[in-house]
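Here the structure is laid out as structure tokens; the discussion comes afterwards.
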Amino acid sequence: MSQRLVIDPVTRIEGHARITIQLGDDGEVADARFHVTEFRGFERFCEGRSFRELPAITSRICGICPVSHELASARACDALLAVDVPDAAKALRKLVNLAQLVQSHALSFFHLSSPDWILGYDSDPARRNVLGLAEARPELARQGIRLRQWGQQVIEAVAGRRVHPGWAVPGGVARPLSAAARERILAGLPEALATARQTLGWFAGTAADHQEEARVFGNFPSLFMAMVGPEGELEHTDGKLRFVDERGAVLADQVEPRDHRAWIGEAVEPWSYLKFPYYLKHGYPGGLYRVGPLARLNCCARAGTPLADEALAGFRQLGRGAVLSSFHAHHARLVEILYAVERIEQLLADPGILSDEVCAVALRSRRRAVGACEAPRGTLFHDYEVDRDGLVERVDLLIATGQNNLAMNRTVAQIARHYLSGQRLEEGLLNRVEAGIRAFDPCLSCSTHAAGKMAMVVELLGGQGELLDAATR
Amino acid sequence: MGALSPAGRARVATVWLGGCSGCHMSLLDLDERLLELAPRLDLVYSPLVDAKLFPEDVEVALVEGAVCSEAHVELARRVRARSRLVVALGDCAVTGNVSALRNALGGALPVLERAYLDPGNLQPQLPAAPGLLPRLLDRVLPLHQLVPVDLFLPGCPPHADAIHAVLLDVLAGRRPALQGKVRFG
Ligand code: SF4
């Protein structure tokens, strides 16, 4: 008699999902799946609107990485206009994208995941969250909150507001940066840098305590994809694509984002609203690849800023070839925060960033275009086709988290097999399965908390899949 | 003053229906004010905490997002039944906003077909797993069309200061007053 265990909703992730765990006749875990239970349909309802509206509309796909959607969208629109975006606008877009990386990574690391390590996977679930952290470790909580706050303040200083700023526009950005805003950002920068360095030092030092998670939280060979700059350096806004394998060997390099469909296919499964992208050449599901902080550090040749390059060298010690465990994405996020703070300082040091030439003006001159950038969770593509008047005929979105769908499914199965059986279903163990998902920091953009009448349901299924019994925990 | 935990803290919930989580980000944009609030309230249900069931006896529930699926209907009704004060947090909950743009297409099928029956996909099919994937409603609803709402806090997202004001009023046992603190969009 097999059983199905449902974790619903998966909590402390940015979106809504559930996990089902299938137990075999022997009471051992046979399989596990990660289901995304929400769908909002942006691709269809953008059709018929002017492409100029798309940056503002598509930013509403996600409140955590709205800047990434705004930028990918604006970049697709730049290409429809066939314009040369002014340098200051390019630099400001990079800066805002990096600020978002800081706030989003800080949220993932401090607010959502650190309660598992600081308070314990098995600690009281009612306090195992950011408010519990604030009571148990007020200084750590304050540092995390202030780091995220600085990232948000940079976005606000440059783009006008923190969430959905409506600032990146086709051809550039809506406003130049003022000298006063630059000073405000710089005033908070030393503290952000200090927090980034200190947190990285502390977390890297706890590696010995996390060996078991590193072994089973998504630890398997796979491909990785990320944007890189012309010399293979980290680049989050203006780069081209690189694919590497589990040894770190480059499979494809400097691929134009507009050609992504020649490299990436998507499969649909009946049990999830999230599609399953795969590397076309290796087929489905063999073409499993990962994106996001782990992939970016595995793909790049170097970071390109002094402290982050040092930190990257330390990170590389975690693997031979590519670093394979998704648990190390937490570490990768801290390296990227450090990089982002350093790079923001470099960008602000260029006097050209205050230029008031921030937007090129043109009429629609192409019918199809792709815009891409690195969102906090991985490469994001907006692919648009418009008619002669610039009304949208087709929108195709390939979202960062979706590209980790195969890997997240592999991960929940790996963790469930390691920790669980019919005899061992304690809450703390189930929380570890969720923690494996948290390591990916999924941003299930079209997502929500669906209703879960029962906290966790163990359903006993008969040979024909019929429900024999159900129990709530 | 209403629902209190044994520790004397107000029982607060935040709920995520069909939205982008931007309203929850605005809540986190309270920044260090979160640390001041932490000892005064228990977050008994929220995407930020590990509760799986919406609990009984909640003082205030902040609800982000529009009602888009059968699962949202069920959750929104439970939230209403178990909360003293239900706040529609943000334009999606207040008006439907971006989440309701698909209503103009006349049902859920066109949006699903566009995404999943694309011939470029491998195994094109409409996802359907009864009991696992909630069915989408044909018409997306603002929260008040399904359940009575006590307070509307518009904005896409609402400003963190407005959310803060509501929480302070609730903690003080006052009925929140929002004149001059809100915006749409
Ligand atoms: S109101 Fe705006 S910020 Fe809030 S969930 Fe809806 S789209 Fe997102």
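Percent relative contact order of the range A:228-378, based on C-alpha pairs within less than 8 angstrom and at least six residues apart?
The value is 27 percent.
Please compute the Kirkwood hydrodynamic radius of the range A:220-324 from all pairs of different C-alpha atoms, in Å with one decimal.
After inverting the pairwise mean of 1/r, the radius is 14.3 Å.
Go ahead and estimate [θ] at 222 nm for chain A from helices alone: -39,500 (n - 2.57) per DSSP H run with n ≥ 4, summed, over the residue count, rounded to 500. Present the calculation step by step, with values, prior to reporting the outcome.
Values: 14 runs with 180 residues, N = 473.
Rounded to the nearest 500, it is -12000 deg cm²/dmol.
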For B:Val49, what residues show an amide H to amide H distance below 5 Å, using hydrogens built from the backbone and excluding near sequence neighbours? A:Arg12
Per residue of the range B:168-173, what does 6.51 cos²θ - 1.76 cosθ + 1.60 with θ = phi - 60° give for ³J(HN,Hα)? Whole Hz please, x for Gly and Pro, Karplus curve as stated. 5, 4, 4, 5, 8, x
Selected from A:Val67, B:Ala104, A:Asn404, residue furthest toward positive end of dipole (the protein assembly as shown; charges at beta carbon): B:Ala104
What residue among B:Gly19, B:Ser69, B:Gly120 has its Cα farthest toward the positive end of the dipole of chain B, where the charges are +1 on Lys, Arg and -1 on Asp, Glu, each on the Cβ? B:Ser69
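Taking every pair of alpha-carbon atoms in the range A:109-193, give the share separated by more than 20 Å as a whole percent. Please list the in-between numbers first.
Details: 1787 of 3570 pairs.
More than 20 Å apart: 50 percent of the Cα pairs in the range A:109-193.
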By the C-alpha gyration tensor axes a ≥ b ≥ c (rounded if a/c is under 1.5, else prolate when a/b exceeds b/c, else oblate), the shape of the range A:136-250 is oblate
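With +1 on each Lys and Arg Cβ and -1 on each Asp and Glu Cβ, and nothing else charged, work out how big the dipole of chain A is about its Cα centre, in Debye to the nearest 20.
480
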Let me know the charge dipole size of the range A:315-405 about its Cα centre in debye, to the nearest 20, where only the beta-carbon of Lys, Arg (+1) and Asp, Glu (-1) is charged. 460
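How big is D, in µm² s⁻¹, for the range A:82-158 by Stokes-Einstein at 10 °C and 1.306 mPa s if Rh is the Kirkwood radius over C-alpha pairs? Write out the running numbers ahead of the final one.
Working: Rh = 13.9 Å.
For these conditions, the coefficient is 114 µm²/s.
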Distant-in-sequence amide H partners of B:Leu122 (H built 1.01 Å from N, under 5 Å): A:Glu266, A:Ala267, A:Val268
So what's the angle, to the nearest 10 degrees on a 0 to 90 scale, between helix A:66-81 and the longest Cα principal axis of chain A? 50
Report the paramagnetic label zone for A:Arg161: residues of the range B:157-173 whose backbone N is under 14 Å from a point 7 Å from Cα along the Cα-to-Cβ axis. B:157-163
For A:Cys373, distant residues with modelled amide H under 5 Å away: A:Leu380
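How many Cβ atoms of partner chains, on average, are near each residue of B:62-74 if near means within 10 Å of its Cβ?
Working: counts 0, 0, 3, 5, 2, 1, 7, 9, 2, 11, 5, 1, 4.
For peptide B:62-74, the averaged partner shielding equals 4.
So what is the 222 nm mean residue ellipticity for chain B from helices alone, if each DSSP H run of at least 4 adds -39500 (n - 2.57) and you divide by all residues, rounding to the nearest 500 deg cm²/dmol?
Numbers: 6 runs with 50 residues, N = 185.
Taken over chain B, the calculation gives -7500 deg cm²/dmol.
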Over all residues in B:22-35, what is the mean tally of Cβ atoms on other chains that come within 10 Å of each residue's Cβ? 6
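For the protein assembly as shown, just say rounded, prolate or oblate: build the C-alpha gyration tensor, square-root its eigenvalues into a ≥ b ≥ c, call rounded for a/c under 1.5, and beyond that prolate if a/b exceeds b/c, oblate if not. Mind showing how you got there, number by number?
Values: a/c = 1.23, a/b = 1.14, b/c = 1.08.
Cα axes put the protein assembly as shown in the rounded bin.
With +1 on each Lys and Arg Cβ and -1 on each Asp and Glu Cβ, and nothing else charged, work out how big the dipole of the range A:220-324 is about its Cα centre, in Debye to the nearest 20.
I would put it at about 260 debye.
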Given a Förster radius of 45 Å and the C-beta distance between A:Ala82 and B:Arg135 as r, what FRET efficiency does 1/(1 + (r/R0)^6) yield to the nearest 0.05? 0.55
How far, in degrees from 0 to 90, does helix A:405-419 lean away from the longest principal axis of the Cα atoms of chain A, to the nearest 10? 30
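Kindly identify the range A:294-379 as rounded, prolate or oblate by the Cα gyration tensor criterion: order the square roots of the eigenvalues as a ≥ b ≥ c, call it rounded if a/c is under 1.5, otherwise compare a/b with b/c, prolate if a/b is larger, else oblate.
Oblate.
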Rg to Rh quotient for chain B, alpha carbon positions, Kirkwood Rh: 1.02
Where in the range A:86-109 does the amide nitrogen come within less than 19 Å of the point 7 Å from the Cα of A:Ala360, taken along Cα to Cβ? A:86-95
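For the range B:9-116, report the translational diffusion coefficient in µm²/s to the nearest whole number, using Stokes-Einstein at 25 °C, 0.890 mPa s, and a Kirkwood Rh over Cα pairs. Numbers along the way, then the final one.
Values: Rh = 14.9 Å.
Calculated translational D: 164 µm²/s.
Given a Förster distance of 25 Å, report the FRET efficiency between A:Ala180 and A:Glu233 from their Cβ-Cβ distance, rounded to the nearest 0.05.
Working: r = 31 Å, r/R0 = 1.25.
Using R0 = 25 Å, I get an efficiency of 0.20.
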Inter-chain Cβ neighbour average for residues B:94-106, partner chain, 10 Å: 3
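Just so you know, all these numbers are worked out from the coordinates, no wet-lab data involved. What you see is a predicted model; the values in this text were computed from it and never measured. Positions of Cβ are backbone-derived with ideal geometry, glycine not excepted, and every protein chain shown enters the neighbour counts.
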